[in-house]
Amino acid sequence: MERKLVPVRLDSYKPLREVVFESLREAIISGVLEPGERLMEIQLADEMGVSRTPVREAIRKLELEAFVVMIPRKGAYVAGVSDKDVADVFEIRSALEGLAAGLAAERITDEEIEQMERMMLYRSGEEVDLKKIVEADTDFHALVYKASRNERLIQILANLREQIQRFRATSLAYPGRLKDAVEEHQGIAEALASHNVEEAQNLAMSHIVTAENVMFEALRSSKVKKEVDEVQEKEKE
């Protein structure tokens, strides 16, 4: 397997086990470590420039957060994403995002509206950088949550954050999705700016439903590609 990870920064103020955990989690979320891929402690430790102990601790924590599955007598593997996983997360997210947008339409400040307009995902002429786009998308939704002024709702959405992040890059990387997502964000921002509660709710929920549909398309495309690759490999044998 070709080398994928980069050495972690050993001068971080965080404990090494936490740095390794965050690095591995990000690699899973971004797709660097793919579903079904086996996590070999020695190899990961070598790639990240650390000992096996923090890697082992990180894998255990990733298992608790459902990013990793342990298979008896075989080892640790990156957890797959089932259709049910996607449907469950997006079902919850659609309802919560609609609620957050509706509350934000009532409570958002002029300063937050201006800030939102500055954080559109992508502008014409800019180079597409998926990592920055995912960050911008995350920041946009975080601002909507903040503008809701409901701390309990913000905390619930924060608890879903890592599961949402795992789907975000896949959805936004799908052909054509970026342009549509920008337009959807613009619509939500305009509804919030005009304090139109019903429209903000509907647009926010529609945005999430569309992202869910794209996610399913991406998963199907990935599955088909994998099946084609497997057939081609067998034909070479």
### Message
Go through the stretch 19-56 and report how many residues are open to solvent by 40 Å² or more (accessible area, probe 1.4 Å) and farther than 30 Å from L219 by Cα.
### Response
6
### Message
Which numbered condition in (1) touching an Asp or Glu at 6+ places or on another chain (Cβ under 7 Å); (2) crowded, with 17+ Cβ neighbours inside 10 Å is the only one that M116 fails?
### Response
(1)
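To keep it simple, each residue is scored yes or no on (1) assigned to a helix (DSSP H, G or I); (2) over 15 Å from the mean Cα position of the chain (by Cα); (3) surrounded by fewer than 21 Cβ atoms within 10 Å (Cβ to Cβ); (4) β-branched (V, I, T).
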{"site": "I154", "(1), (2), (3), (4)": "yes, yes, yes, yes"}
{"site": "L160", "(1), (2), (3), (4)": "yes, no, yes, no"}
{"site": "A181", "(1), (2), (3), (4)": "yes, no, no, no"}
{"site": "H185", "(1), (2), (3), (4)": "yes, yes, no, no"}
{"site": "H195", "(1), (2), (3), (4)": "no, yes, yes, no"}
{"site": "A200", "(1), (2), (3), (4)": "yes, yes, no, no"}
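Scan the stretch 202-219 residue by residue and report those that are open to solvent by less than 30 Å² (accessible area, probe 1.4 Å) and either in contact with a Phe, Trp or Tyr (Cβ under 8 Å, 6 or more places away or on another chain) or not in a helix (DSSP H, G or I) (or both).
Let us first name the residues in the stretch 202-219 that are open to solvent by less than 30 Å² (accessible area, probe 1.4 Å), namely 204, 207-208, 211, 214-215, 218.
Hits for the stretch 202-219 are I208, A211, V214, M215, A218.
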### Query
In this structure, does E47 turn out to be modelled with pLDDT under 95, touching a Pro at 6+ places or on another chain (Cβ under 8 Å) and assigned to a helix (DSSP H, G or I)?
yes
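Would you please name the residue that is farthest from R166 (Cα to Cα), looking only at residues in the stretch 29-47 that are touching a helix residue (DSSP H, G or I) at 6+ places or on another chain (Cβ under 7 Å) and of a type outside the set (G, A, S)?
By that ranking, first place goes to I42.
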#### Entry: Cβ pairs under 9 Å, 6+ apart, first in the stretch 166-181 and closer than 20 Å to M119 by Cα, second at pLDDT 90 or above and among the basic types (K, R)
S171/R177
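The values are calculated or read from the model by the stated rules, or taken from the named source; none is laboratory data. Quick caveat, the model's predicted, so the values are computed rather than measured. FYI the Cβ positions are ideal-geometry reconstructions off the backbone, even for glycines, and counts take in every protein chain you see. For accessibility, only protein heavy atoms count, side chains too; no ligands or nucleic acids. Shrake-Rupley method; radii C 1.70, N 1.55, O 1.52, S 1.80 Å.
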